Amino acid sequence: MATAFKTVEPLEYYRRFLKENCRPDGRELGEFRATTVNIGSITTADGSALVKLGNTTVICGVKAELAAPAVDSANKGYIVPNVELPSLCSTRFRSGPPGEEAQAASQFIADVIENSQIIAKEDLCIANGKLAWVLYCDIICLDYDGNILDASVFALLAALKNVQLPSVTINEETGLSEVNLKQKNPLVIRKHPVATSFAIFDDTLLIVDPTAEEEDLATGTVTVVTDEEDRLCSVHKPGGSPLTGAKLQDCITRAITRHKEVKKLIDKVTKSIKPN
């Protein structure tokens, strides 16, 4: 009977749970799904991480290449993020060129990188005006069950912390670059941004870490990104229900608490794996 009611009136079905301050999956409104992270999963990448947020599973691989810096940014390297939502992760996505949601997620990640200053692009420069690192950060969703942004930012941060770049010098006589694969160094991670997403129900009720079903039924979503200094890096709200100042402040407060949990999880995993 409950299954039939959920099929016919999914929103009303959810509302009955929300009135009791819980959700159909048994979580409280402010409770996150079980979160796990595994780093170094892709041996062919320079850095990688696999993140599970409930059923949502995302893998991030970082590939480093050498290139000439841009003329107007002679002392900076590049970070190029790309989010893929292939058809294998959910029936809602189709094969072919990236859809609207994948493009929006890629832009969101690019904004987080820029606003948080997770890595100083100057650190990626090897020789001013001559040579710099390009970090291609491919984030691929393997299983989609909502809240792709939180999982993507988490996977990106964990993968970047796993990156080991070989030592590169430029031979003054030949002008050619020389790569020493035996001597590798980790990236300098300047900031640790963490995203926390909320779904808005009936224009007023906030629930954290929404599933795909909850996102579909919500009247809006908002994602707050903070760093370890409790600094607000980004607020992403793609339309939907408006948020009052008090509600937004509540989101930021919860995001700061969530940051501490995620940071602790990343630190625990990175300490357990010794660099090569």
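The values are calculated or read from the model by the stated rules, or taken from the named source; none is laboratory data. These figures come from a predicted structure and were not determined experimentally. Glycine also receives a Cβ, built like all others from the backbone with ideal geometry; neighbour counts cover every protein chain displayed. Ligands, DNA and RNA are excluded from the accessible area calculation, which covers all protein heavy atoms including side chains. Shrake-Rupley method; radii C 1.70, N 1.55, O 1.52, S 1.80 Å.
Given (1) in contact (Cβ under 8 Å) with a residue 60 or more places away in the chain; (2) under 21 Å from residue 59 (Cβ atoms); (3) surrounded by 20 or more Cβ atoms within 10 Å (Cβ to Cβ), identify the lone condition not met by residue 197.
Going through the list (1) in contact (Cβ under 8 Å) with a residue 60 or more places away in the chain; (2) under 21 Å from residue 59 (Cβ atoms); (3) surrounded by 20 or more Cβ atoms within 10 Å (Cβ to Cβ), residue 197 breaks only (1).
Give me the residue from the range 200-209 that is in contact with a helix residue (DSSP H, G or I) (Cβ under 9 Å, 6 or more places away or on another chain) and at pLDDT below 95 and, out of that set, farthest from residue 254 (Cα to Cα).
202
Being small (Gly, Ala, Ser) and either on the phi < 0 side of the Ramachandran plot or open to solvent by less than 50 Å² (accessible area, probe 1.4 Å) (or both) is the filter here, so list the residues in the range 227-267 that pass it.
Scanning the range 227-267 gives 234, 239, 241, 245, 246, 255.
Restricting attention to the range 124-140, does a residue exist that is touching a strand residue (DSSP E or B) at 6+ places or on another chain (Cβ under 6 Å), touching a residue at least 12 places away in the same chain (Cβ under 8 Å), assigned to a loop (DSSP other than H, G, I, E, B) and not β-branched (Val, Ile, Thr)?
No - not one qualifying residue is present in the range 124-140.
Please go through the range 23-41 and pick out each residue that is farther than 30 Å from residue 169 by Cα, surrounded by 14 or more Cβ atoms within 10 Å (Cβ to Cβ) and not aliphatic (A, V, I, L, M).
Result: 23, 24, 27, 30, 32, 33, 35, 38.
Looking only at the range 42-70, which residues are under 30 Å from residue 214 (Cβ atoms) and either open to solvent by less than 50 Å² (accessible area, probe 1.4 Å) or assigned to a helix (DSSP H, G or I) (or both)? Show your work before the answer.
Going residue by residue through the range 42-70, those that are under 30 Å from residue 214 (Cβ atoms) are 48-61.
The answer is 48, 49, 50, 51, 53, 54, 56, 57, 58, 59, 60, 61.
Determine if the range 76-89 includes at least one residue that is open to solvent by 40 Å² or more (accessible area, probe 1.4 Å) and assigned to a loop (DSSP other than H, G, I, E, B).
Checking the range 76-89: at least one residue is open to solvent by 40 Å² or more (accessible area, probe 1.4 Å) and assigned to a loop (DSSP other than H, G, I, E, B).
Return yes or no: is residue 126 crowded, with 17+ Cβ neighbours inside 10 Å and closer than 17 Å to residue 76 by Cα?
yes
Kindly list the number of the only condition in (1) in contact with a strand residue (DSSP E or B) (Cβ under 9 Å, 6 or more places away or on another chain); (2) at negative phi; (3) open to solvent by 60 Å² or more (accessible area, probe 1.4 Å) that fails for residue 105.
(3)
Pull out all pairs, ordered by first then second residue, where Cβ-Cβ is under 9 Å, the residues are six or more apart or on different chains, the first lies in the range 100-120 and is touching a residue at least 12 places away in the same chain (Cβ under 8 Å), and the second is of a type in the set (Lys, Arg) and open to solvent by less than 70 Å² (accessible area, probe 1.4 Å).
116/191; 117/191; 118/191; 119/191
Can you name the number of the only condition in (1) farther than 27 Å from residue 91 by Cβ; (2) open to solvent by 10 Å² or more (accessible area, probe 1.4 Å); (3) polar (S, T, N, Q); (4) in contact (Cβ under 8 Å) with a residue 12 or more places away in the chain that residue 174 fails?
(4) is the only condition that residue 174 fails.
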